[in-house]
Amino acid sequence: MKYIGHILLSVLFIDTAQLMLKSTVNNMIIGFDNIISTARQLLLNPLFIIAFIFIGLSALIWLITISKVDLSYAYPMVAIGFVFVSIMSWLLFSESISPLRGFGIGTIVLGIILMSRS
């Protein structure tokens, strides 16, 4: 339980990066037929670059954390990301959360609570 903050910080960075990447590509026409143009657009987009910095920070924090914590404890905590991304996608991108998806999110939260007590 000592390193839960580190685990959550790593998850927050990676999930925020995913939301940033989604925001970046939302209004782009992406495909393999225009891959050079797509790559150029992405590499010149500050949000895209920041997202990859966040991915790197997440990986660094994760590596430090799993050097101190059992992977069998830390890895299931990554599931909190599913909850965070679902809620943020609903708020930021107006994605729907069906009752079944809501039930799944609740189940994940329950599982995380149970895992954190082990």
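The values are calculated or read from the model by the stated rules, or taken from the named source; none is laboratory data. Small disclaimer: the values here were computed from a predicted structure and weren't measured. With ideal geometry, Cβ positions are generated from the backbone for all residues, glycine too; neighbour counts draw on all protein chains shown.
Determine which member of the set V109, V85, V78 is within 19 Å of the chain's Cα centre (by Cα), modelled with pLDDT of 95 or more and either closer than 17 Å to L8 by Cβ or loosely packed, with under 10 Cβ neighbours inside 10 Å (or both).
Only one candidate qualifies: V85.
Taking the stretch 1-26 as the region of interest, how many residues are of a type outside the set (A, V, I, L, M, F, W, C) and outside any helix (DSSP H, G or I)?
Of the residues in that region, 3 qualify.
Can you list residue pairs whose Cβ atoms sit under 7 Å apart, with the first residue in the stretch 2-20 being at positive phi and the second being at pLDDT 95 or above and surrounded by 21 or more Cβ atoms within 10 Å (Cβ to Cβ)? Count only pairs 6 or more apart in sequence or on different chains.
Once the first residue is at positive phi and sits in the stretch 2-20, no partner that is at pLDDT 95 or above and surrounded by 21 or more Cβ atoms within 10 Å (Cβ to Cβ) comes close enough.
Only one of S72, S94, S89, S98 is of a type in the set (S, T, N, Q) and either in contact with a strand residue (DSSP E or B) (Cβ under 6 Å, 6 or more places away or on another chain) or in contact (Cβ under 8 Å) with a residue 24 or more places away in the chain (or both); which?
S89
Taking only the stretch 21-37 into account, find how many residues are closer than 26 Å to L92 by Cα and either touching a Phe, Trp or Tyr at 6+ places or on another chain (Cβ under 6 Å) or among the hydrophobic types (A, V, I, L, M, F, W, C) (or both).
Qualifying residue count, the stretch 21-37: 6.
Can you confirm whether L100 is under 16 Å from the mean Cα position of the chain (by Cα), assigned to a helix (DSSP H, G or I), loosely packed, with under 14 Cβ neighbours inside 10 Å and not basic (K, R)?
no
Give I36, I29, I113 a once-over and let me know the one that is part of a helix (DSSP H, G or I), β-branched (V, I, T) and more than 30 Å from K2 (Cβ to Cβ). Break it down into steps so the answer makes sense when it comes.
On the way: I29 fails: part of a helix (DSSP H, G or I); I113 fails: more than 30 Å from K2 (Cβ to Cβ).
Of I36, I29, I113, the one residue that is part of a helix (DSSP H, G or I), β-branched (V, I, T) and more than 30 Å from K2 (Cβ to Cβ) is I36.
Looking at the stretch 36-74, which of the residues that are of a type in the set (S, T, Y) and touching a helix residue (DSSP H, G or I) at 6+ places or on another chain (Cβ under 8 Å) is modelled with the lowest pLDDT?
Step by step, filter the stretch 36-74, then rank; the result is Y73.
The rows are residues; the columns are (1) surrounded by 12 or more Cβ atoms within 10 Å (Cβ to Cβ); (2) over 11 Å from the mean Cα position of the chain (by Cα).
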position: L9; (1), (2): yes, no
position: F13; (1), (2): yes, no
position: N26; (1), (2): no, yes
position: I49; (1), (2): yes, yes
position: S58; (1), (2): yes, no
position: I64; (1), (2): yes, yes
position: Y73; (1), (2): yes, yes
